[in-house]
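Here's the structure we're looking at; comments come further down.
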Amino acid sequence: MIDLDDQIVQTLRDRAEGAVDADRLLRASRARGRRRQLHRRVAAGTALSLIGALGVVGVTGTGLDGLSDRLPWTATTSTGATPVPPRVDGVPGAATDPALVGSDPNVLHFGLDPARARYLGWSVVRGHTESVRLSVRDDQPVYVEASSTPELSISVSFGGVEVDATAPGPQTFDGTIHPASGGGSAMVKSWHPAPGLYARAVILGGDRAGLERAVEALRWNEARSCAVPLRLDALPEGAPINNCSVDVSSYPRLVTSNFILGRATTQVMFVDYRYAIGAGTRTAGNRAVAGRPAYLSPDGTTLDLLGIPKTMVSANFDWQWEGRRPIGVEPGASSGFTEADATTVLAGARVVEDPTRPESWE
């Protein structure tokens, strides 16, 4: 078991009599966590927003390295410079061709000046938006989203605080800074970096100067790769990658990324990568994938690829809709993917040996 698992079990043993079924406890805990995560992912209310699934969504709660109660892109103290997505030569930036925004889940069509700001993460949602999370001062996070249409995210989460990312009144992109709707201390700026290009930046804390510095650090005339420490070389038939997102806010202690595969507007598979510098290596599985041990969850919804030091790669492939369903999805509808599909994905997964060397990312 990983270090966190040991801590949980030891705490329960200290406070209870008799043996603790650690494996059963941990399986149940992870299953509940997956259900909560899935509920957040589908709560947007439409199949389109499901496929987008907002790159800001990620794992919450206590992480493998002891980080607790924060969303992945909430800034924490970094022990060094965070990775910078590499440039993609020959591809115009968003300012040159706004229609390219969201056209390729592997490419960001804008970036930031690493000398003026620090990357906390990045995300691309095919056919929708591209976003960057950054920090310019005192680890104060800023979320920036761009699109070729004004249909940007309505809400953003800061460490569990939901913020209405729109400005009060009619939505305009005139570049003025307003308090976010619903009160609170968040500030929002919506503007046109170039004709036909829409952008919105949100900062928590009411720091207008910090928001302006973040906007000034953006670069709209360049393209960068949605670089991740994981590549998927094999995909199920008719199921392309629709979303690529990366979190490096706690780099190098913790690196997470997520891919979303979509075979239809109602068929989605989540592939999650998580590296924690303090984690161990899980090897006890009940399956084998490409010569590596793997573990199929008791409810048959998730396949974990094991045997990778400090790293977990998981495919959540066979879940049922719970609670509020996207429009057009009938009760009882499922993801439409199978264990065989998940096996195909994980068999073709290429994990970098050392994610603290971002030059090895692809």
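The values are calculated or read from the model by the stated rules, or taken from the named source; none is laboratory data. On a predicted model such as this, the values are computed, not experimentally measured, just so you know. Cβ sites come from the backbone with ideal geometry, for glycine too, and all protein chains shown count toward neighbours. In case anyone asks, the SASA skips ligands and DNA or RNA and just uses the protein heavy atoms, side chains included. Shrake-Rupley method; radii C 1.70, N 1.55, O 1.52, S 1.80 Å.
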Considering residues that are assigned to a loop (DSSP other than H, G, I, E, B), touching a residue at least 40 places away in the same chain (Cβ under 8 Å) and under 15 Å from R274 (Cβ atoms), the number found within the stretch 292-309 is 1
Which of the residues spanning the stretch 218-231 are open to solvent by less than 10 Å² (accessible area, probe 1.4 Å) and out of contact with any Gly (no Cβ under 8 Å at 6 or more places or on another chain)? C226, A227, V228, P229, L230
Restricting to strands (runs of 3 or more DSSP E) lying wholly in the stretch 122-185: which have 3 or more residues that are hydrophobic (A, V, I, L, M, F, W, C)? 141-147
Filter the stretch 105-121 down to the residues that are in a strand (DSSP E or B) and either open to solvent by less than 10 Å² (accessible area, probe 1.4 Å) or on the phi > 0 side of the Ramachandran plot (or both) and list them by number. L108, G111, L112, Y119, L120, G121
Inter-residue pairs, beta-carbon under 7 Å, first closer than 18 Å to A214 by Cβ and in the stretch 100-117, second part of a loop (DSSP other than H, G, I, E, B) and aromatic (F, W, Y), 6+ apart: F110/W220
Determine if the stretch 219-241 includes at least one residue that is without any contact (Cβ under 8 Å) to a residue 60 or more places away in the chain and touching a Lys or Arg at 6+ places or on another chain (Cβ under 7 Å). yes
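Take the residues of the stretch 352-362 that are open to solvent by less than 30 Å² (accessible area, probe 1.4 Å) and not aromatic (F, W, Y): which is farthest from the chain's Cα centre (by Cα)?
Looking at the filtered set, the residue picked out is V352.
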Looking only at the stretch 250-269, which residues are out of contact with any helix residue (DSSP H, G or I) (no Cβ under 9 Å at 6 or more places or on another chain), assigned to a strand (DSSP E or B) and open to solvent by 30 Å² or more (accessible area, probe 1.4 Å)? Q267
Looking only at the stretch 157-173, decide whether some residue is open to solvent by less than 40 Å² (accessible area, probe 1.4 Å), at pLDDT 85 or above and farther than 28 Å from V91 by Cβ. no
Restricting to the stretch 237-248, and then to whatever is under 9 Å from L261 (Cα atoms) and in contact with a Leu (Cβ under 8 Å, 6 or more places away or on another chain), can you tell me which residue is most open to solvent (accessible area, probe 1.4 Å)? P240
Could you grab me the full set of residues in the stretch 195-217 that are open to solvent by 10 Å² or more (accessible area, probe 1.4 Å) and in a strand (DSSP E or B)? Y198, R200
Among (1) part of a loop (DSSP other than H, G, I, E, B); (2) touching an Asp or Glu at 6+ places or on another chain (Cβ under 8 Å); (3) not small (G, A, S), where does N221 come up short? (2)
